[in-house]
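As structure tokens, the structure follows; a few thoughts come after it.
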Amino acid sequence: MVVRNLFRAVIMGPPGSGKGTVSSRITESFGLQHLSSGDVLRAHIKAKSELGLLMKSCIDQGQLVPDDVISRLILASLRDMGQSSWLLDGFPRTVVQAESLDSVFTVDTVINLDVPFETIKERLTSRWVHLSSGRVYNIDFNPPRIPGLDDVTGEPLTQRDDDTPVTVSRRLKAYENQTQPVLEYYRSKGVLATFSGTETNKIWPHVLTFLTKKIPQSQQARGGGGA
Ligand SMILES: Nc1nc2c(ncn2[C@@H]2O[C@H](COP(=O)(O)OP(=O)(O)O)[C@@H](O)[C@H]2O)c(=O)[nH]1
Ligand SMILES: Nc1ncnc2c1ncn2[C@@H]1O[C@H](COP(=O)(O)OP(=O)(O)O)[C@@H](O)[C@H]1O
């Protein structure tokens, strides 16, 4: 008999709720592999792939990209990750996407970051990113050690084209209309864990305690990779 200790989680929350920030703390603490749908799409845009160029206008307008496109990309990446434990960030964002994920993988837990929209708006216009790694910074909250440069590589940081006030408002609307129903979907399956607050540093200890209980001990000891 093959003993599998896989742990598969999704992190949800409105744009700017801290999914990327909390994901990097989770991967550091538990060694899960992290896959961010936004990072996957931005890598296509950076590489100027045909798909990237098609998706860029959707993203820059604050709209979701089509379900079939993102589902194909993410499910292919998850298949490539094989028998490993992972944390999925930014996918699913619609019920159709959640159903497509469900048809292939079992999701053990969904961490929902419940942060008020007013808090978020202020954060996103001061977000700086290191595009190739997905590392995020903020002028007030977690500034880089050297202004404008990534702490690890020393490469320049950039601001996302969709982090403008108008586009942020559209993204929040898309979240309300298309993504909030996904929370209901997972609540009805009994896997939703909601963490409410306005500061990541106050939310994080609760997420850490929750996952420490959820993730099998054997997995924590060896950093979570592989079955
Ligand atoms: N002021 C403040 N900024 C935060 C906090 N948590 C995260 N941020 C910043 O807010 C922005 C959005 O966070 P991010 O993790 O990228 O959110 P995501 O869009 O949900 O992935 C980034 O610039 C973070 O550095 C917080 O508690 N307070
Ligand atoms: N699962 C998805 N379905 C549709 N569009 C997506 C999905 N994930 C990312 N996108 C597109 O990429 C953009 C950026 O996503 P992401 O980096 O997750 O940002 P954030 O959580 O800060 O809004 C979204 O506004 C959307 O246009």
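For the stretch 30-62, taking the residues that are within 16 Å of ligand 1 (Cβ to nearest atom) and of a type outside the set (A, V, I, L, M), the one that is farthest from residue 210 (Cα to Cα) is identified as 60. The set of residues in the stretch 122-139 being at pLDDT below 90 and in a helix (DSSP H, G or I) consists of 122 alone.
In the stretch 137-153, of all residues being open to solvent by 40 Å² or more (accessible area, probe 1.4 Å) and touching a Phe, Trp or Tyr at 6+ places or on another chain (Cβ under 9 Å), the one that is farthest from ligand 1 (Cβ to nearest atom) corresponds to 151.
Cβ-Cβ contacts under 9 Å between residues 6 or more apart (or on different chains), taken from a first residue in the stretch 183-203 that is more than 23 Å from residue 100 (Cβ to Cβ) to a second residue that is open to solvent by 20 Å² or more (accessible area, probe 1.4 Å) and away from ligand 1 (no atom under 15 Å from the Cβ), are listed as 194/187; 195/210. Looking only at residues in the stretch 100-124 that are more than 15 Å from ligand 1 (Cβ to nearest atom) and open to solvent by 10 Å² or more (accessible area, probe 1.4 Å), which one is nearest to residue 210 (Cα to Cα)? Going through the qualifying residues, I end up with 108. If you go through the stretch 70-99 and keep only what is open to solvent by less than 10 Å² (accessible area, probe 1.4 Å), closer than 15 Å to residue 7 by Cα and among the small types (Gly, Ala, Ser), you end up with 84, 85.
Taken over the stretch 138-197, the residue count meeting the criterion of being in contact with a strand residue (DSSP E or B) (Cβ under 8 Å, 6 or more places away or on another chain), farther than 17 Å from residue 17 by Cβ, of a type outside the set (S, T, N, Q) and more than 16 Å from ligand 2 (Cβ to nearest atom) is 11. All told, residue 187 falls short of being touching a Gly at 6+ places or on another chain (Cβ under 8 Å), surrounded by 13 or more Cβ atoms within 10 Å (Cβ to Cβ) and within 30 Å of residue 58 (Cβ to Cβ).
Okay, residues lined up against (1) at pLDDT 95 or above; (2) assigned to a loop (DSSP other than H, G, I, E, B):
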residue	(1), (2)
141	no, yes
151	yes, yes
202	yes, no
212	yes, no
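For the stretch 32-58: of the residues being part of a strand (DSSP E or B) and more than 9 Å from ligand 2 (Cβ to nearest atom), which is least open to solvent (accessible area, probe 1.4 Å)? Among residues in the stretch 32-58 that are part of a strand (DSSP E or B) and more than 9 Å from ligand 2 (Cβ to nearest atom), the one least open to solvent (accessible area, probe 1.4 Å) is 35. The conditions are (1) farther than 30 Å from residue 142 by Cα; (2) more than 10 Å from ligand 2 (Cβ to nearest atom); (3) of a type in the set (Gly, Ala, Ser), and residue 71 fails exactly one of them. Which is it? Here residue 71 clears every test but (2).
Being part of a strand (DSSP E or B) and in contact (Cβ under 8 Å) with a residue 40 or more places away in the chain is the requirement here; does residue 10 meet it? Write out each step before concluding.
Working: part of a strand (DSSP E or B): yes; in contact (Cβ under 8 Å) with a residue 40 or more places away in the chain: yes.
It is true that residue 10 is part of a strand (DSSP E or B) and in contact (Cβ under 8 Å) with a residue 40 or more places away in the chain.
On inspection, residue 31 does not qualify as within 16 Å of the chain's Cα centre (by Cα) and modelled with pLDDT of 95 or more. Within the stretch 154-165, the residues that satisfy the criterion of being more than 23 Å from residue 35 (Cβ to Cβ) and either free of Cβ contacts under 8 Å to residues at least 12 places away in the same chain or open to solvent by less than 40 Å² (accessible area, probe 1.4 Å) (or both) are 154, 156.
The values are calculated or read from the model by the stated rules, or taken from the named source; none is laboratory data. Predicted, not measured: the structure shown is a model, and the values here were computed from it. With ideal geometry, Cβ positions are generated from the backbone for all residues, glycine too; neighbour counts draw on all protein chains shown. Only protein heavy atoms, including side chains, enter the accessible area calculation; ligands, DNA and RNA are left aside. Shrake-Rupley method; radii C 1.70, N 1.55, O 1.52, S 1.80 Å.
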